[in-house]
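Please treat every number below as a calculation from the coordinates, not as lab data. The shown structure was predicted, so the numbers you read here are calculated from the model rather than taken from an experiment. So basically every Cβ, Gly included, is an ideal-geometry build from the backbone, and we count neighbours across all protein chains shown.
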Amino acid sequence: MNEERAKRWDNTKLSIRVFLANRTALVGLIIVLIYVADALIMQFDPGLLGITQVNTLVPNFTNPVPLPPSWAHPFGTTFPGVDLYTSILKAIRIDLFYSILVVAVGAVAGAVIGVVSATVGGLLDETVMRITDIFFSIPYLILALAIGFILGRSLMYMSLALALVWWPLYARYTRSQTLSTKEFTYVEAAKASGVSRTRIMFRHILPNALPPVFIQISLDLGSIMVIFSTLAFIGFIANAKVPELGYLTSLGLNYVQTAPWAVIFPGVAITVFALAVNLLGDGLRDVIDPRRRS
Amino acid sequence: MIIAARRLTKEFEIKANSAFGKPLRLRAVDSVDIQVGEGQIVGVVGESGSGKSTLGRTLLGLLSPSAGTVLFDIPDDVLREYDGFRRDGDAKGAASIEMEYSIFKKKGEKLKKIRSGMNMVFQDPYSSLDPRMNVMSIITEPLLAMNYMKPDKAVDRCMELLEEVGLPRDFAYRYPHELSGGQKQRVALARGMATLPKFLVLDEPTSALDVSVQAQILSLLRKIREKYHIGMVIITHNIAVISYMADQVNVMYAGKIVESGPKEDVILNPVHPYTIALISAVPGKMVKPNRIILKGDTPNLINPPQGCVFHPRCPMAFGICGWTADEIATDLKYLVNDKFAGSFNDKAVVSTGAGGSLVINNASAGDEGVLERIINEEKGNMKSLTAIEGLERHGTNIELKIKGYRVPKMYNHDGRKVSCLLYAGDDNKA
Amino acid sequence: MEYTLNVSNLKEQFYTRRGIYKALNGVDILLRKGEILGIAGESGCGKTTLGLTIIGLLPRNAVVTDGEILLDGKDLIATLREFASKEANNPNLRHSENIMKKLNKQLINVRGSRISMVFQDPMTSLNPVLRIGYQIAETLMVHQPEVLAKRRLARSKVKDDDLREALKLLENGADEQSIKAFAETRQLEGIEEQLLNIWRRNDLGIARKEKMILSLRSERLGGFDMAVLQRVVSQGRIDGWMRIPGLNRMSKAVLIKEGNTKAVELLSSLEIPNPEEVVKMYPHELSGGMRQRIIIAIALANNPELVIMDEPTSALDVTVQAQILDLLKHLKQRFNTSFILISHDLSVLAEVCDRIGIMYAGRIVEVATVDAIFNKPLHPYTTMLISAVPTIKGGEIQGIGGAVPDMRFPPSGCMFHPRCPYVMDKCRENNPQMKYVEDEHLVACYLYEGQKGEQN
């Protein structure tokens, strides 16, 4: 068994080497880790960065007009006198949490539906696919808005709405991966060896079909954050004190000509994350692609 | 017999071309009879699309047949009895034997028992091993799946098997991508014989391998057969491999077995025109002066040729092999408009009508005689012309009469069974 | 002796994450004019790499460290060698990519016109969205636009009387030279090829051929097309105003159309039935064997000096393979072209080749005529390889023990020594050179050291 462990370790080492060979993926990984670290600090010990009220924005009505960056406010302030630096630090935690929530709920639901649909096949498969078609035919932003306005305007409902919009994507992807894995000869070989259907599913098909789905999920984290903040930007949040990147951007919108930093900094925070996640996903794809490993 | 298949047929349904059309049926295996005795190696040879792989999978029950049965581990006298019932049309008697021996009538534990008695080795060792499992789990999988033995014993068995197929023990913890093609195929073979099956199907076991490795695997297979008396069906396109391995040879073409018999007869002295052509096509340093080069390609199985499926390519075909008006018309058009363009009226046109009639329009007065002469001249090259029975003139048209056709059955000839009308003469009710 | 291709001491390496693969380790090839040379070897011996290197299609992680490839005396890979000498031990992938681009530019007039290649898989070698005729016409237009232009111009000028006279000549058994002379005296260059191609078709009767030849007469040509063709003939290529977008498309149309006509002639010379129909088809409408013939037709379209065929029949059925091999034998007689036929199947090579080279671990270890290779193989590897192939007669076969070496860490000395039954001490240290043992028989093995001993 020692030998087995050594083999595994060799394999891991190769994976790491393949990943590190892709420099941009490494940059992506570092940026994502910074965001995650920020979120964790905000969650467990915000005092470390001198922040007290993690869940609300701190307005300063004595001086509501945006101020340019200075030593006191490294990123400047936005309307109504909110310090951008601390707000962005707070907002990253909230955005990251809800993006992961959306992806997790959507991906788990979608993956389960996709696998079941591919395995059972027939009428169920056909029905599920037509339902996903319906979801695809409506622009996701509008659909999310509609669902959100029915349920109510809060962060939780907003992420629920996005998850509802997002699952068909994963259902489709998981289904196609499962179906193509089913065609491999080793699945037939297992059948010839008398392996039962459930065992084939869990031992052969899923372990080979799911890794690409996970990569897709990690790639989507970035776009989900963008969409999440878009919804906040166009006024999905009723509570005006929530530190959220899209909402922060919308606060500075009226001053965009005189105080561009009020829009640029929160905007950049969103873009950089989306970009970093994409780069990271690229690197991960290299790792699981056997052709790139050689 | 370890395995005996009777009238085995497998059809696949294919989506229709139009949205509302009927689904098309592709008959990949067409009423095949085949049997394998204990420790016997039976070769199935054919080109791509001949249905040989489908036959192998149906024999194992991986595909369910559209018609016919596969009987497993059936004593010879019972099989003879069964054949008797079928010949005499005694459906009840046949059904009772099927109940007991057919692999498609078994369920639950009994099916598991049968399953552990048979297995398959696939062509492509690169895709037939799960990339995420190590050699140990791959080899022990059939043992555990069929409750053949306990997990701790399975580990010992795996080591035994590795030794048997000539791999060192430490390979048990390797992953497929770390093995060479030959080593992978050895692992696949170890998995195939893990439960000591009585019957093994090998689908192109060496065609993805280099010749030097192929030789190793083939001699390994022979050794295993000697030692364990496993009945094997080897499916391949490589006649030399069949010739080296098999005792009995079946030649498949377009889903049918066209010639079947002992290796010495079928390969060294073939009688079916397809087998003759196939064997003469094998490349080699001896350039054969009388090599037969077949025209065209294997037929489309959705809409196979009528009569004998091989007749459009057959160098020995004759009148009753199943020629249609369209086939004859294609050849006639070439003769009338291209090859002998000067000898006919310029406006002469070959056309086919409803109900399979064949007419030459706008023929001038002397054309009948010319046509008759040309048909007699060209009969040797264009076998379709042999199906023309006679000419009849109606005004400016010449109508050509076409002979009726017969579908070949399996005929006994010279120690083997052959499906060709050339040998229908000595038809002993095969 | 005239040589089409001279490869000497070719060495090539691949830089990968797992190490440096020494793919070619000093390959020598002398290919004579009009010869078919077979290269046989097991997978991983570098036979495909060799083919791709000769035609200059290399991945960016490949570096040619030594050796030359001379096509009619002209070095094809000088650029690569220069690069290798500069960055011998640590090639930068980006530089390597640039060098490949440079090589591509240099070879653009060589590939497809002087050397062409046929790949194994006929399913993916043709463009699925273009008609067969267009695909053939395109290679003709790119490499020999003036030939197409001459053909078309000649057809616009030729008179009934000329054709009747030509027919008379053909019927009296005139050879290629005299037809050519006839075309020249009448200033109808380009017509001779069309006349001969029709006349040589075996599938047509005389009456039909006469009709086809007579129908070549005075085919009308528009003013613009005439201007295009005349300019192409005088310049020898498509240039000047013909490269202006828009005009470019219009001027190419007439050439493509003529290319289609030539494609029909080409296909009929490759014994493809109904060539007029086939050029209008798309690749998916044809069977594998037919597609492979089309690919061979494209490879031969410009009368190249060298055609490299990499496993041309491996994806085909035995009966179709026999058709293609038969075709190759005919082509050898008809076209003035040398072939390199790469295959893992010795018996395929035995059918069509003049000589066979056996390759092992990136080197050619034995070259001899087909008879000598089979009846008197010298190198132990050749002997073992031949005895590993099963035959129809069903005799015993013998596998080769051991495995192909890992080319990242190739064995010292002769690369075959770990598997060789006759291994001697010096085999482990030195790599034997290729030596003539007999007139036509080269082998790289110390067993034959004493015999004849002059170096290649």
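Comparing C:P377, C:F119, C:M359 along the charge dipole axis of chain C, the residue lying farthest to the positive side is C:F119, per the Cβ-charge model. In this simple spin-label model, placing a label point 7 Å from the Cα along the Cα-to-Cβ direction at both C:N430 and B:A16 gives a separation of 7.8 nm. Restricting the chymotrypsin sites (Phe, Trp or Tyr not before Pro) of the range B:86-127 to loop positions (DSSP other than H, G, I, E, B) with no more than 12 neighbouring Cβ atoms within 10 Å leaves nothing.
Of the GluC sites (Glu not before Pro) in the range C:136-236, which ones lie in a loop per DSSP and count no more than 14 other C-beta atoms within 10 Å? In loop regions of the range C:136-236 (DSSP not H, G, I, E or B), the sparsely surrounded GluC sites (Glu not before Pro) are C:E219. Ranking C:A137, B:V201, A:L221 by Cα position along the charge dipole of the protein assembly as shown, where only Lys, Arg, Asp and Glu carry charges on their C-beta atoms, puts A:L221 farthest toward the positive end. Summing charges over neighbours of A:V58, with a neighbour being any other residue whose Cβ is under 10 Å away from its Cβ, gives +1 when K and R count +1 and D and E count -1. In chain C, one over the average inverse separation of all distinct C-alpha pairs is 24.4 Å, which is the Kirkwood hydrodynamic radius.
Using a Förster distance of 56 Å, how high is the FRET efficiency between C:N92 and B:S207, based on the Cβ-Cβ distance and rounded to 0.05? Efficiency, rounded to the nearest 0.05: 0.85. Once the Kirkwood radius over Cα pairs is known for the protein assembly as shown, the Stokes-Einstein relation at 4 °C and 1.567 mPa s delivers a diffusion coefficient of 36 µm²/s. For the segment B:337-349, counting C-beta atoms of other chains within 10 Å of every residue's C-beta and taking the mean gives 3. In summary, the lysines within cross-link reach of C:K150, defined as a Cα separation below 21 angstrom excluding same-chain residues under 8 places away, comprise C:K159, C:K180, C:K252, C:K257, C:K262. Scoring B:31-40, B:78-87 by mean Cβ neighbours within 10 Å over their residues and listing the highest first yields B:31-40, B:78-87. Electrostatic tally near C:A181: other residues with Cβ closer than 12 Å to its Cβ, Lys and Arg +1, Asp and Glu -1, net -3. One decimal place: the segment B:S364-B:R406 gains 11.7 nm when fully extended, by the rule 0.36 nm per residue minus the C-alpha distance. With semi-axes defined as the square roots of five times the eigenvalues of the C-alpha gyration tensor, the equivalent ellipsoid of the range B:242-340 measures 29, 18, 11 Å, largest first.
Shielding of peptide C:383-392 by partners, expressed as the average count of other chain Cβ atoms within 10 Å per residue Cβ, is 6.
Could you pull out every whole DSSP H run in chain B that spans at least 24 Å of Cα extent along its own axis and averages -0.5 or higher on the Kyte-Doolittle scale?
Qualifying helices: B:211-228.
For a straight C-alpha distance cut-off of 23 angstrom, the lysines reachable from B:K347 (same-chain residues fewer than eight places away being disregarded) are B:K333, B:K339, B:K401, C:K209, C:K211. The helix-only estimate of mean residue ellipticity at 222 nm for the protein assembly as shown, built from DSSP H runs of length n ≥ 4 each weighted as -39500 (n - 2.57), is -14500 deg cm²/dmol after division by the residue total. Along its first, second and third principal axes, ordered by size, the range C:1-156 spans 60, 41, 31 Å in Cα coordinates. Take chain B, drop everything but the C-alpha atoms, weight them equally and run the Debye formula without solvent; then report log10 I(q)/I(0) at 0.06, 0.08, 0.10 Å⁻¹ to two decimals. Rounded to two decimals, the profile gives -0.33, -0.56, -0.80. For the set A:K191/B:K184; B:K15/B:K110; B:K15/B:K112; B:K112/B:K150, the pairs lying more than 26 angstrom apart at their alpha carbons are B:K15/B:K110; B:K15/B:K112. Here the label points at A:D286 and B:R222, each 7 Å from Cα along the C-beta direction, are separated by 5.0 nm in the simple model. Largest first, the three principal axis extents of the alpha carbons in the range A:2-292 are 78, 48, 31 Å in whole numbers. Here the Karplus curve 6.51 cos²θ - 1.76 cosθ + 1.60, taken at θ = phi - 60°, turns the phi angles of the range A:105-122 into couplings of 5, x, 5, 5, 4, x, 5, 4, 4, x, 5, 4, 4, 6, 6, 6, x, x Hz, with x standing for Gly and Pro.
Think of the range A:2-292 as having a plus end and a minus end, set by charges on the Cβ of Lys, Arg, Asp and Glu; of A:P243, A:G28, A:V263, A:G28 sits farthest toward the positive end of this dipole.
Between the beta carbons of B:N269 and C:K211, assuming R0 = 41 Å, the FRET efficiency works out to 0.25 to the nearest 0.05.
What net charge is computed for the residues neighbouring C:V110, neighbours being all others with C-beta under 10 Å from the C-beta of C:V110, Lys and Arg scored +1, Asp and Glu -1?
Local net charge: +2.
Where both bridge residues fall in chain C, DSSP classifies roughly 65% of the beta bridges as antiparallel.
Relative to the Cα centre, the charge distribution of chain C, modelled as +1 at Lys and Arg Cβ and -1 at Asp and Glu Cβ, gives a dipole magnitude of about 1560 debye. On average, how many beta carbons from a partner chain sit within 10 Å of the beta carbon of a residue in A:194-203? Taking all residues of A:194-203 together, the mean is 4. In straight-distance terms, cross-link reach from C:K33 covers every one of the aspartates and glutamates whose alpha-carbon lies under 12 Å from its own, apart from those fewer than eight places away in the same chain; here that gives C:E2, C:D72, C:E305, C:D354.
Distance between the pseudo-spin-label points of B:E178 and A:L124 (7 Å out from Cα toward the beta carbon): 3.9 nm. For C:F335 and B:K110, a Förster radius of 51 Å and the Cβ-Cβ distance give a FRET efficiency of 0.20, rounded to the nearest 0.05.
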